[in-house]
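What follows is a short report on a single structure.
The values are calculated or read from the model by the stated rules, or taken from the named source; none is laboratory data. As the structure is a prediction and not an experimental result, all values here were calculated from the model. As a convention, Cβ positions derive from the backbone with ideal geometry for all residues, glycine included, and neighbour counts pool all protein chains shown.
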Amino acid sequence: MRLAAGFAIFMSICLSAGAATPVAQIDHVMLGIDDLERGMDSFEQLTGVRPAYGGKHPGGTHNALVSLGEGTYLEIIAVQRGVTPPGEYAGLEQLHELTPIGWAVSAKDSAQLRSRLSSAGMAVTEPTAGSRTTPAGTTLSWQTFGFKNNFDEAPFFIVWSPQTAHPSTTSPTGCKLQRWRVAGPQQKALDQLRRIGDLRVDVAEAPATSLKLSLSCPKGLVEFD
């Protein structure tokens, strides 16, 4: 009995030691639309989950959020009414339905991720600080960086401030990430990134960028593309 118990403990220690912490993970997926309130209504009708208003970004956009569990969340983003859209989000006014427009990858250890990307020949930009204020008055802060040789289907990278509660822990629950598919001309680079970060994303080659999100929700499987 003692030998059996000792062997079980030994195996448990070995398995724990071998379970490496992922370098990175999908932080959030973004759905764009021309009007945030209509986007929130549409998402609720499709899924059975009501997004929570997240707040305004200094650049002129605002968002609503839904937790997808396990450190990942969904961001519905639109330009604030009466505000000229910032350059990178100028196309939101043309989106009349919820449409995948991008994604972010997070890492707890920014230096480790940057080192691995650089070692793989994937140069990244210097970090830029960002923030937004929630309706409750709480300020969320983070740093972001991207690829120096950026491409349309690439994610950006985000490292949240230790004092900031991750949105996946504070947003409405009920939906789970079923599948995130990214296709485009830079399939090799995407596949390399997927391996470096052990990311839960399907990648494929295509002549133009294509994003597809599948969620498991109270009303069943819901897809956005």
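Kindly indicate which of Thr134, Thr170 is farther than 21 Å from Leu98 by Cβ, modelled with pLDDT under 90 and either surrounded by 14 or more Cβ atoms within 10 Å (Cβ to Cβ) or touching a His at 6+ places or on another chain (Cβ under 7 Å) (or both). Step through it out loud before you land on a result.
On the way: Thr170 fails: modelled with pLDDT under 90.
The unique qualifying residue is Thr134.
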For residues that are at pLDDT 90 or above and over 23 Å from Trp180 (Cα atoms), tally how many sit in the range 105-114.
0
The one condition in (1) out of contact with any Ser or Thr (no Cβ under 8 Å at 6 or more places or on another chain); (2) within 17 Å of Val159 (Cα to Cα); (3) assigned to a strand (DSSP E or B) that Pro100 fails to fulfil:
(2)
Leu190: buried (at least 17 other Cβ atoms within 10 Å of the Cβ), more than 30 Å from Thr134 (Cα to Cα) and modelled with pLDDT under 95, yes or no?
yes
I'd like to check something: does the range 149-170 contain any residue that is more than 17 Å from Ala107 (Cα to Cα) and in contact (Cβ under 8 Å) with a residue 60 or more places away in the chain?
yes
Just to be sure I understand the filter: pairs with C-beta atoms under 6 Å, separated by 6 or more residues or on different chains, first member in the range 99-110 and more than 15 Å from Asn63 (Cβ to Cβ), second member aromatic (Phe, Trp, Tyr). Which pairs pass?
Val105/Phe157
Out of all the residues in the range 72-79, is one or more in a strand (DSSP E or B) and among the small types (Gly, Ala, Ser)?
yes
